[in-house]
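Undergrad: Quick one: structure below, then a few questions.
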Amino acid sequence: MTNTPLPAPTGQEAVADRLLRSTAARSYDPDLDIDWSAPLVPGKGFILEQRCSLYGTSLWDELSPEQRLELGKHEGASVASTGIWLELVLMRILAKMAYHGDPVSAHVQYALTELGEECRHTIMFGRMIEQFGTPMYGPPPRIWALGNWMPALASGPSMWAAILLGEEIPDRFQRELVADDSIQPLMRMVNRIHILEEARHISFARAELPRSVAKTSPAQMAYHRAVTARFAFIVASNLINPQVYRSVGLDPRTARAAALANPHYRQTLRFGGQKIVAFLADNGLIGAPGGHWWRRSFLID
Ligand SMILES: [Fe+2]
Ligand SMILES: [Fe+2]
């Protein structure tokens, strides 16, 4: 007899079962685990300065330290509001999975567990934006309208790719924030909760995507590459709503153009895309058709 441990099971039910046990052992209730009565701390930031879309531009040089903090607050709120949009769409996809699946399976039970966490995240981000006192920016109306159709249309590898793009890009920025004590405690706690629970969601989708690819024909994969590229562009281009620039007296069109031409901001987007782009490429989801949208997203070089 040998004491060599067996490798962790990787089947669909085994992964879901492991994630259900992890959820039971460690999860948060943002209502109780966040001190919502604590005021914002004067002088502390909302995002890292170097992640601000205008950092390093001549417009940035003209902003006072107070205006830079204010813009960071609005950009942080904008990213959170796009996160809310993504979570609202994802909850409907998860509900569809459960509706058409077997509620006795660990797989469907985990989809419902994830849905419950996304529901709490959406409320948590909404309350955080309320505390910031900023608008609920979100993507523009045509993207909200598109999001209304996505749960019905989403399936196969591009559905898992879209879920991962929505989860992994913000996750990169959130991990930087929680490690920095110059950032508002509320922002750090909200993101600490989000990172922990999203790590399970990311594991779930990363296990499902290759299974879905294996069941997809080469011709269908071309369609999924095109949808994935378009969605990557939608996520990247809607993180910062141009209306945020009004908070510091800048014209949204001018400032948006400056941000998109800003090498620092392009590097920030590449940083956001780094891990998920590599995973999607490994699974055959990056390539023609779709190169145009990937280049415009600035998520890849
Ligand atoms: Fe979430
Ligand atoms: Fe998630």
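The values are calculated or read from the model by the stated rules, or taken from the named source; none is laboratory data. Just so you know, these numbers come straight off a predicted model, no measurement behind them. Don't worry about glycine lacking a Cβ; one is built from the backbone with ideal geometry, like all the others, and counts go over all protein chains shown.
Undergrad: Could you tell me which numbered condition Leu260 fails, if it satisfies all but one of (1) crowded, with 22+ Cβ neighbours inside 10 Å; (2) farther than 30 Å from Leu112 by Cβ?
TA: Looking at each condition in turn, Leu260 falls short on (1).
Undergrad: Here's another thing I want to ask about it. Please state which of the following conditions Ala281 fails to meet, knowing it meets all the rest: (1) out of contact with any helix residue (DSSP H, G or I) (no Cβ under 6 Å at 6 or more places or on another chain); (2) closer than 30 Å to Glu49 by Cα; (3) part of a helix (DSSP H, G or I).
TA: Result: Ala281 passes all but (2).
Undergrad: Please go through region 45-77 and pick out each residue that is more than 17 Å from Met187 (Cα to Cα) and small (Gly, Ala, Ser).
TA: Selection gives Ser53, Gly56, Ser58, Ser64.
Undergrad: Go through (1) touching a Pro at 6+ places or on another chain (Cβ under 9 Å); (2) within 15 Å of ligand 2 (Cβ to nearest atom); (3) touching a residue at least 60 places away in the same chain (Cβ under 8 Å) one by one and return the number of the condition Gln109 breaks.
TA: Every condition holds for Gln109 apart from (2).
Undergrad: Then there is this: List the pairs whose first member sits in region 152-169 and is within 19 Å of Ala95 (Cβ to Cβ) and at pLDDT 95 or above, whose second member is more than 16 Å from ligand 1 (Cβ to nearest atom) and not in a helix (DSSP H, G or I), and whose Cβ atoms are under 6 Å apart, counting only residues at least 6 apart or on separate chains?
TA: If the second residue must be more than 16 Å from ligand 1 (Cβ to nearest atom) and not in a helix (DSSP H, G or I), the pairs left are Gly156/Thr216.
Undergrad: Within region 193-204, can one find any residue that is farther than 24 Å from Gly126 by Cα, out of contact with any strand residue (DSSP E or B) (no Cβ under 8 Å at 6 or more places or on another chain) and modelled with pLDDT of 95 or more?
TA: Yes, the conditions are met somewhere in region 193-204.
Undergrad: Also: For residues in region 181-223 being among the small types (Gly, Ala, Ser) and assigned to a helix (DSSP H, G or I), which is surrounded by the most Cβ atoms within 10 Å (Cβ to Cβ)?
TA: Selected residue: Ala205.
Undergrad: So if I check each of Ser78, Ser27, Ser37, which one is in a loop (DSSP other than H, G, I, E, B), among the small types (Gly, Ala, Ser) and more than 20 Å from His201 (Cβ to Cβ)?
TA: Of the residues listed, the single one that is in a loop (DSSP other than H, G, I, E, B), among the small types (Gly, Ala, Ser) and more than 20 Å from His201 (Cβ to Cβ) is Ser37.
Undergrad: Inspect region 34-44 for any residue being buried (at least 20 other Cβ atoms within 10 Å of the Cβ), over 20 Å from Ile169 (Cβ atoms) and in contact with a helix residue (DSSP H, G or I) (Cβ under 6 Å, 6 or more places away or on another chain) and give the result as yes or no.
TA: Within region 34-44 (the criterion being buried (at least 20 other Cβ atoms within 10 Å of the Cβ), over 20 Å from Ile169 (Cβ atoms) and in contact with a helix residue (DSSP H, G or I) (Cβ under 6 Å, 6 or more places away or on another chain)), the answer is yes, since at least one residue qualifies.
Undergrad: Considering each residue of region 78-100, count those that are of a type in the set (Lys, Arg) and within 11 Å of ligand 1 (Cβ to nearest atom), and give that number.
TA: Selection size over region 78-100: 0.
Undergrad: Has region 55-64 got any residue that is away from ligand 1 (no atom under 16 Å from the Cβ), outside any helix (DSSP H, G or I), under 17 Å from the mean Cα position of the chain (by Cα) and of a type in the set (A, V, I, L, M, F, W, C)?
TA: no
Undergrad: In addition: Could you tell me which numbered condition Lys96 fails, if it satisfies all but one of (1) in a helix (DSSP H, G or I); (2) buried (at least 21 other Cβ atoms within 10 Å of the Cβ); (3) not acidic (Asp, Glu)?
TA: Here Lys96 meets the rest and fails (2).
Undergrad: Give the residues of region 147-176 that are aliphatic (A, V, I, L, M) and away from ligand 1 (no atom under 15 Å from the Cβ), sorted by residue number.
TA: Once the filter is applied, which keeps residues that are aliphatic (A, V, I, L, M) and away from ligand 1 (no atom under 15 Å from the Cβ), region 147-176 yields Met150, Ala152, Leu153, Ala154, Met159, Ala161.
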